[in-house]
Number of protein chains: 2
Amino acid sequence: MSRTTIHDIAKELNTSPSTVSKALNDHPSISAATKKLIKETAQNLNYRQNRLASSLRSGRTNIIGILIPSSDIGFFGAVVHGIEKVARANGYNILLFQSNETGEYEVEGVETLLQTSVDGIIASIAKDTPNLDHFYYVKKRKVPLVLFDRTKDELGAPSVVVDDYKGAFMATEHLIQQGYTQIAHISGPQHIKIFNDRLCGYVDALKMNNMEVDEDLIQYGRNSIESGRFSAERLLSRNKGMDAIFAVEDFTALGALQYFKQEGIKMPGEIGMIGFGNESFSPYVTPSLSTIDQQPARMGEEAFTLFLEAMAKKAAGTEETELVTEPKKIILDPVLIVRESSVMTVMA
Amino acid sequence: MSRTTIHDIAKELNTSPSTVSKALNDHPSISAATKKLIKETAQNLNYRQNRLASSLRSGRTNIIGILIPSSDIGFFGAVVHGIEKVARANGYNILLFQSNETGEYEVEGVETLLQTSVDGIIASIAKDTPNLDHFYYVKKRKVPLVLFDRTKDELGAPSVVVDDYKGAFMATEHLIQQGYTQIAHISGPQHIKIFNDRLCGYVDALKMNNMEVDEDLIQYGRNSIESGRFSAERLLSRNKGMDAIFAVEDFTALGALQYFKQEGIKMPGEIGMIGFGNESFSPYVTPSLSTIDQQPARMGEEAFTLFLEAMAKKAAGTEETELVTEPKKIILDPVLIVRESSVMTVMA
DNA sequence: TTGAAAGCGCTAACAG
DNA sequence: CTGTTAGCGCTTTCAA
């Protein structure tokens, strides 16, 4: 009454378990006839492979571990979706672990994934990870590691990120092309790389278009709705004739939007606005928010592809212990999403 | 140079693998002294358990399979987050599978989860599942199955859902309490149970408050922004003095909101509005949308608890093959979220 | 092309 | 309290 095993099938057909195993795995050394016979019998006996046993023996699980801060964050939910899609198509499944932005959980997660003998790990690093020892350990154990979005170059792992600099440049240039001339920027904490990158993109876009960079038009907030409101108020009070804002995140842009609306300022018209991140709410606010999309699903797909490459390299037995080649880094192009908040003229 | 096993530890200490295994698992029959010694040695030798081997032998993986339409949908991302949190606290990990609303993938998912010997499955059924054979098979294999949100009573599995009727009742009653007197409802396709439940909640709330139910004030849409706009237009054209709308979903409410805004109708004031679902955009639209929250995280937690109970029951060896007791069904209370769109007076 | 034998790393009876 | 033995179900040499 227990599950049928390859032994049962072998017994039924007066053959051996090893032959059954090979037949079921389409091993070339088995004749087409026996394969057919065995597969049919397997079906009849309602056989299902025990993946644990198979994995224990073969050393491969066809499971990859995913470590993200939280599936509750839209961005990560979308990335996971992207990974799972491609993974499935390649015969892999996904073991999910969430760090909740906690270093402690992250360490635990890596540990668990490793114990489960996942074939590889795709991770986005938690904000407050104290150190990277657990990730170094993954590398030491020769388990392919791929990072996305929240990456660390020091780890020497292949990674996929979006080009923040370019996204910011695109956003700013879009405002310029719309005809805005006094473009402000609400930035975030500069010690976080992506915020600094976006600031640079903004500055360079202005310079490239022969526009002046006015420090008074740059605010350093803490990326929240509140901070967006506050920064908008400050910018307005400067009275510099500001006519557009590029905000470092959609939430920041939203705060500014709310403030201007409260003050009865027309958008677009008096002030144009663009955000960053394409949050789920941004199409639905009034005016709908122009923004930069980070292509989360695409990011997940690319991350999985990098994992496959790492596997292939491992299988090929690249023995040189520590390859000197730089790990591959995929930099995705961000996508400009134009909505109402940034257009000068009424949209067609 | 390969991974250390319990054999290595045993050899190191001149003891046996079984003793090491027991010590590491805190088996009561091992003295505190040897436990300490063995654990220290394990640490020194950098030992990590091979969960595959352990699972193969013990028959337990401490992994539960989760089957959802897509982690890209905010609601499911939140549920998964809820499950993972409690699961982790109880020593379980999560194998995630997405059906993408496809029956085919759903079948494949169940198959894979079963092959991986997950200890249980928590699932939300895909929209277009042609039949439920795969879920019946799970039951036949005696693998604990818990359903949430998209459930099927016929399966006889414990489940957790939100009380749609009650949520609709609460939403409608809230509008009544605000002082609205001509309350319309935009519903969805009636063959889908939750939409019909919500309609009933609306109707009953009116009746209980001695208000007339006017069929002209009920629209049957297809739950989309477009359909919300369209229904709003129709309702307005009826000219029945409608002063509030309860919409079956936030997206529908949003569509109506957009239409009224376009028509220059004040909200709240001329028309009050409440939705259902607490979508991520609803706090941020103008006016911010009152709605009914479905408690996704809570739902995940309860689902996992049901799984634990099922495990306990299985362990206790409830032998009566087919227990006649009804499977437990947890019905969560929805939560009323009051925002700007529904209040009569300006909020304090 | 098939089969016999060994063993992946661990746990669980049972005996001592 | 500790050790011996057996085996979970599968894959994989190697020999036939």
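Looking at A:I186, is it touching a strand residue (DSSP E or B) at 6+ places or on another chain (Cβ under 6 Å) and within 14 Å of chain B (Cβ to nearest Cβ)?
no
Condition test on A:Y137, is it open to solvent by 10 Å² or more (accessible area, probe 1.4 Å) and more than 20 Å from B:I94 (Cβ to Cβ)?
yes
Is one or more of the residues making up the stretch B:17-32 within 20 Å of A:A53 (Cβ to Cβ), modelled with pLDDT under 95 and of a type in the set (G, A, S)?
There is at least one residue in the stretch B:17-32 that is within 20 Å of A:A53 (Cβ to Cβ), modelled with pLDDT under 95 and of a type in the set (G, A, S).
Can you find a residue in the stretch B:277-286 that is touching a residue at least 60 places away in the same chain (Cβ under 8 Å) and either open to solvent by less than 10 Å² (accessible area, probe 1.4 Å) or more than 21 Å from B:I218 (Cβ to Cβ) (or both)?
Scanning the stretch B:277-286 turns up at least one residue that is touching a residue at least 60 places away in the same chain (Cβ under 8 Å) and either open to solvent by less than 10 Å² (accessible area, probe 1.4 Å) or more than 21 Å from B:I218 (Cβ to Cβ) (or both).
Residues that are assigned to a loop (DSSP other than H, G, I, E, B) and of a type in the set (G, A, S): does the stretch A:263-273 have at least one?
yes
Let me confirm something: among A:T102, A:T129, A:T151, which residue is closer than 30 Å to A:I337 by Cα, open to solvent by 10 Å² or more (accessible area, probe 1.4 Å), among the polar types (S, T, N, Q) and touching a residue at least 12 places away in the same chain (Cβ under 8 Å)? Spell out how you get there, then give the answer.
On the way: A:T102 fails: closer than 30 Å to A:I337 by Cα; A:T129 fails: closer than 30 Å to A:I337 by Cα.
Sole residue among the options that is closer than 30 Å to A:I337 by Cα, open to solvent by 10 Å² or more (accessible area, probe 1.4 Å), among the polar types (S, T, N, Q) and touching a residue at least 12 places away in the same chain (Cβ under 8 Å): A:T151.
As an exercise: evaluate B:M170 against (1) open to solvent by 20 Å² or more (accessible area, probe 1.4 Å); (2) in the same structural domain as B:V110 (by TED's automatic domain parsing); (3) touching a residue at least 12 places away in the same chain (Cβ under 8 Å) and give the number of the one condition it does not meet.
(2) is the only condition that B:M170 fails.
Got a sec? Which of A:L306, A:L336 is assigned to a helix (DSSP H, G or I) and within 19 Å of the chain's Cα centre (by Cα)? Lay out the reasoning, then the answer.
On the way: A:L336 fails: assigned to a helix (DSSP H, G or I).
Being assigned to a helix (DSSP H, G or I) and within 19 Å of the chain's Cα centre (by Cα) holds for just one of A:L306, A:L336, which is A:L306.
Out of curiosity, is A:F97 among the aromatic types (F, W, Y), open to solvent by less than 10 Å² (accessible area, probe 1.4 Å) and within 12 Å of chain B (Cβ to nearest Cβ)?
Here the answer is yes, as A:F97 does meet what is asked.
Filter the stretch A:1-31 for residues that are in contact (Cβ under 8 Å) with a residue 40 or more places away in the chain, away from DNA strand C (no atom under 11 Å from the Cβ) and either over 18 Å from B:K140 (Cα atoms) or open to solvent by 50 Å² or more (accessible area, probe 1.4 Å) (or both) and give the result. Steps first, answer last, please.
Step one: list which residues in the stretch A:1-31 are in contact (Cβ under 8 Å) with a residue 40 or more places away in the chain, which gives A:3-6.
Restricting the remaining residues to those that are away from DNA strand C (no atom under 11 Å from the Cβ) gives A:3-5.
A:R3, A:T5, listed by residue number.
Among the residues of the stretch B:228-242, write down those that are touching a residue at least 24 places away in the same chain (Cβ under 8 Å), more than 13 Å from B:H185 (Cβ to Cβ) and either open to solvent by less than 10 Å² (accessible area, probe 1.4 Å) or not in a helix (DSSP H, G or I) (or both).
Within the stretch B:228-242, B:G241 is the sole residue that qualifies.
Could you tell me which numbered condition B:A78 fails, if it satisfies all but one of (1) touching a strand residue (DSSP E or B) at 6+ places or on another chain (Cβ under 9 Å); (2) away from DNA strand C (no atom under 15 Å from the Cβ)?
Answer for B:A78: the failing condition is (1).
Does the stretch A:173-189 contain any residue that is of a type in the set (D, E, K, R) and modelled with pLDDT of 95 or more?
Yes, the stretch A:173-189 contains a residue that is of a type in the set (D, E, K, R) and modelled with pLDDT of 95 or more.
Of the numbered conditions (1) at pLDDT 90 or above; (2) within 27 Å of the chain's Cα centre (by Cα); (3) among the small types (G, A, S), B:S224 satisfies every one except a single condition; which is it?
Just one mismatch for B:S224, condition (1).
Identify the residue in the stretch B:259-272 that is within 14 Å of chain A (Cβ to nearest Cβ) and either buried (at least 17 other Cβ atoms within 10 Å of the Cβ) or under 16 Å from the mean Cα position of the chain (by Cα) (or both) and, among all such residues, is modelled with the lowest pLDDT.
Ranking the candidates gives B:M267 first.
Taking the condition on the phi > 0 side of the Ramachandran plot and touching a Phe, Trp or Tyr at 6+ places or on another chain (Cβ under 8 Å), does A:N14 pass? Walk me through how you get there before you give the answer.
Numbers: on the phi > 0 side of the Ramachandran plot: yes; touching a Phe, Trp or Tyr at 6+ places or on another chain (Cβ under 8 Å): no.
Spelling it out, it is not the case that A:N14 is on the phi > 0 side of the Ramachandran plot and touching a Phe, Trp or Tyr at 6+ places or on another chain (Cβ under 8 Å).
Given B:E84, B:E40, which one is among the acidic types (D, E) and not assigned by TED's automatic domain parsing to the domain that holds B:A303?
Values: B:E84 fails: not assigned by TED's automatic domain parsing to the domain that holds B:A303.
The match here is B:E40.
Consider only pairs whose beta carbons are under 7 Å apart and that are at least six residues apart or on different chains; among these, list those whose first residue lies in the stretch B:325-336 and is open to solvent by less than 90 Å² (accessible area, probe 1.4 Å) and whose second residue is among the polar types (S, T, N, Q) and assigned to a strand (DSSP E or B).
Sorted first by the residue in the stretch B:325-336, then by its partner, the pairs are B:K329/B:S159.
Between B:G179, B:G120, B:G156, which is away from chain A (no Cβ under 14 Å), touching a residue at least 40 places away in the same chain (Cβ under 8 Å), under 20 Å from the mean Cα position of the chain (by Cα) and farther than 30 Å from A:A89 by Cβ? Don't jump to the end; show me each part of the working.
Values: B:G179 fails: under 20 Å from the mean Cα position of the chain (by Cα); B:G120 fails: farther than 30 Å from A:A89 by Cβ.
Step by step, each of B:G179, B:G120, B:G156 is checked, and only B:G156 is away from chain A (no Cβ under 14 Å), touching a residue at least 40 places away in the same chain (Cβ under 8 Å), under 20 Å from the mean Cα position of the chain (by Cα) and farther than 30 Å from A:A89 by Cβ.
Can we say B:S18 is more than 10 Å from chain A (Cβ to nearest Cβ) and out of contact with any His (no Cβ under 8 Å at 6 or more places or on another chain)?
Judged against the criteria, B:S18 is a match.
Based on this model, can you work out whether A:E104 counts as part of a helix (DSSP H, G or I), among the acidic types (D, E) and more than 8 Å from every other protein chain (Cβ to nearest Cβ)?
Working: part of a helix (DSSP H, G or I): yes; among the acidic types (D, E): yes; more than 8 Å from every other protein chain (Cβ to nearest Cβ): yes.
Spelling it out, A:E104 is indeed part of a helix (DSSP H, G or I), among the acidic types (D, E) and more than 8 Å from every other protein chain (Cβ to nearest Cβ).
Just need a number here: residues in the stretch A:192-215 that are β-branched (V, I, T) and part of a helix (DSSP H, G or I).
Number satisfying all stated conditions: 2.
Considering only residues that are touching a residue at least 24 places away in the same chain (Cβ under 8 Å), of a type in the set (S, T, N, Q) and within 13 Å of DNA strand C (Cβ to nearest atom), look in the stretch B:53-75 and name the one that is farthest from the other protein chains (Cβ to nearest Cβ).
B:N62
Name the single residue that is surrounded by the most Cβ atoms within 10 Å (Cβ to Cβ) among those in the stretch A:32-52 being within 14 Å of DNA strand D (Cβ to nearest atom) and more than 14 Å from every other protein chain (Cβ to nearest Cβ).
Residue satisfying both the conditions and the ranking: A:I38.
The values are calculated or read from the model by the stated rules, or taken from the named source; none is laboratory data. Remember, it's a predicted structure, so these values are computed and weren't measured experimentally. Note: ideal-geometry Cβ built from the backbone for every residue, glycine included; neighbour counts use all protein chains shown. Accessible surface areas use protein heavy atoms only, side chains included; no ligands, DNA or RNA. Shrake-Rupley method; radii C 1.70, N 1.55, O 1.52, S 1.80 Å.
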